[in-house]
Amino acid sequence: MTTAPRRSFYRPMRSRSATEPNRASTPLELLFDLCFVVAVAQAATLLEHDIVEHHFWHGVVSYSMVFFAIWWAWMNVTWFASAYDTDDDVYRLSVLIAIVGALIIAAGVPRAFDNVDFVLITVGYSVMRLANVGQWIRAAVSDPTHRKNGTRYAIGIFVVQIGWWLRLLAHGDAAYWTFGILVVAELLIPIWAERPGMTQWHPGHIAERYGLFTLIVLGEAVLAASVAFESGLGSGANADVIALGAAGIVIVFAMWWLYFDREGELGGLSSFLWGYGHYLIFAAAAAVGSGLVVNVAFHTGEAHISETAAGYALAIPVATYTVSVWLLHILPHEHGVLLFTAPVGAGLILLAPLVPATAQVIAVLMALIVGLTVAPSRRAIALSTDETYPQPTPPA
């Protein structure tokens, strides 16, 4: 009988090996992801409300800004954990503090959408980011090899946090362009901090973490499909809404298949490009749920927008997701004419709102995209299997 190792209150924060075997997400990381569901759900719900109320541009801009805070805070904790997770008590407490920040962000989402009031989101964001500063300081002290990295991260994050608080003084258009400047500053921190030498993040662990967050945001679309079925099967069955729910399920299944068809890997892409590019995948996947709910509201008479507008509320995020997955997961690894199935399909998806039964047309297109994208690899596997295990010849 083996005895589980004792967990210490504090241990030196040494860089973990990038080739560590069997590196999987920890229960604390899964709890961290689960708490982010609240913030993602809040943002997706309010995007749907804005679109239904004819505030399309306001909804998209507010959603993009709020989702950046959610995604960037999640991503930085995730990459740090991949390199330095000691799983001691001090580390756990720091992550739990970050979770509190995520919940504060979720509480501030309605204010950001309704009143362009980012005070509460800034508070939650700072809680998460300053917890991350403490972690980087700890890493800089304990890991001499990557001390410059940790120091740069801590300084960069702290300075930009001051910028976020000063931004609250801006009004009107200044609130938007200062937001853009600070986003660029945030994105540049890792590029600057990693110049002395890359920290030892684990490729397999990172791929798994991103895959799990993809499942979380796809869950918003699954919930929206269930709303469609609930509305369609309620009092006074609505065949259009039931068909919408069925189409939504096909779309979500196709989105899942397209992302997870091959084992997640960074491949030949820069880790920055791969990591940053997932913003579009995550944001679009969650927005698909909003688009489905908008279409339910249209078919039940609760949304007074045109059928075309409702269609684009679904088509735009589905097309964005498809192209983003193609750029990060398919383009770096595949060749041939069928390589362009996804972008061509995304173009057709953007035309789908111009015809009736938009959701059903998108569902068919997504199923075709998946089928044509995975077909070459399936044929290759079949051929290699035949060569490895030749069929016995029948006796003469």
Study note, to complete from the structure: Restricting attention to region 176-228, the residues that are aliphatic (A, V, I, L, M) and not in a helix (DSSP H, G or I) number exactly 1
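Working carefully through the options Ala297, Ala303, Ala309, Ala313, find the one that is surrounded by fewer than 24 Cβ atoms within 10 Å (Cβ to Cβ), modelled with pLDDT of 90 or more, more than 18 Å from the chain's Cα centre (by Cα) and of a type outside the set (D, E, K, R).
Among Ala297, Ala303, Ala309, Ala313, only Ala309 is surrounded by fewer than 24 Cβ atoms within 10 Å (Cβ to Cβ), modelled with pLDDT of 90 or more, more than 18 Å from the chain's Cα centre (by Cα) and of a type outside the set (D, E, K, R).
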Exercise for review: Scan region 321-339 residue by residue and report those that are over 12 Å from Val370 (Cβ atoms) and at pLDDT 80 or above.
Suggested key: Tyr321, Val323, Ser324, Leu327, Leu328, His329, Leu331
**Study point:** Contacts under 6 angstrom Cβ, first residue in region 111-131 being outside the structural domain of His171 (by TED's automatic domain parsing), partner charged (D, E, K, R) and surrounded by fewer than 19 Cβ atoms within 10 Å (Cβ to Cβ), 6 or more apart
**Key:** none
Practice item. Could you list all residues from region 229-252 that are modelled with pLDDT of 75 or more, over 25 Å from Gly371 (Cβ atoms) and among the small types (Gly, Ala, Ser)? Key: Ala239
Point to revise | Matching option when the condition is crowded, with 17+ Cβ neighbours inside 10 Å and either outside the structural domain of Val38 (by TED's automatic domain parsing) or at pLDDT 85 or above (or both), among Ser290, Ser270, Ser226 | key: Ser290
Exercise for review: Select, from Ala346, Ala342, the only residue that is in contact (Cβ under 8 Å) with a residue 60 or more places away in the chain, within 18 Å of Met255 (Cα to Cα) and part of a helix (DSSP H, G or I).
Suggested key: Ala342
Review point. If you scan region 47-72, which residues turn out to be over 15 Å from the mean Cα position of the chain (by Cα) and either surrounded by 20 or more Cβ atoms within 10 Å (Cβ to Cβ) or not in a helix (DSSP H, G or I) (or both)?
Key: Leu47, Glu48, Asp50, Ile51, Val52, Glu53, His54, His55, Gly59, Ser62
Practice item. Determine which member of the set Leu169, Leu258, Leu218, Leu188 is under 20 Å from the mean Cα position of the chain (by Cα) and without any contact (Cβ under 8 Å) to a residue 40 or more places away in the chain. Key: Leu188
Review point. Can you find a residue in region 97-104 that is in contact with a Lys or Arg (Cβ under 9 Å, 6 or more places away or on another chain), closer than 22 Å to Gly156 by Cα and not small (Gly, Ala, Ser)?
Key: no
Revision key, fill the gap. Listed by first then second residue, the pairs whose first member lies in region 318-333 and is of a type in the set (A, V, I, L, M, F, W, C), whose partner is in a loop (DSSP other than H, G, I, E, B), with beta carbons under 7 Å and at least 6 positions apart or on separate chains, are Leu328/Leu269
Review point. Regarding Ala247, is this residue touching a Pro at 6+ places or on another chain (Cβ under 8 Å) and either in a loop (DSSP other than H, G, I, E, B) or not assigned by TED's automatic domain parsing to the domain that holds Val37 (or both)?
Key: no
Revision key, fill the gap. Those residues of region 140-151 which are surrounded by fewer than 17 Cβ atoms within 10 Å (Cβ to Cβ) and either free of Cβ contacts under 8 Å to residues at least 40 places away in the same chain or under 22 Å from the mean Cα position of the chain (by Cα) (or both) amount to Pro144, Arg147
Check your understanding: of a type in the set (A, V, I, L, M, F, W, C) and crowded, with 17+ Cβ neighbours inside 10 Å: does that describe Ile137?
Key -> yes
Revision key, fill the gap. Residue hits (region 352-371; closer than 23 Å to Thr308 by Cα and loosely packed, with under 14 Cβ neighbours inside 10 Å) are Leu354, Val355, Pro356
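Can you say whether Arg92 is at pLDDT below 90 and within 25 Å of Leu130 (Cβ to Cβ), as far as the supplied structure shows?
Values: at pLDDT below 90: no; within 25 Å of Leu130 (Cβ to Cβ): yes.
The answer is no for Arg92.
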Check your understanding: Quick one: would you say Ile157 is modelled with pLDDT under 95, surrounded by 16 or more Cβ atoms within 10 Å (Cβ to Cβ), in a helix (DSSP H, G or I) and β-branched (Val, Ile, Thr)?
Key -> no
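The values are calculated or read from the model by the stated rules, or taken from the named source; none is laboratory data. Fair warning: this is a prediction, and the values are worked out from it, not measured in the lab. No Cβ is skipped: glycine too gets one built from the backbone with ideal geometry, and neighbour counts run over all protein chains shown.
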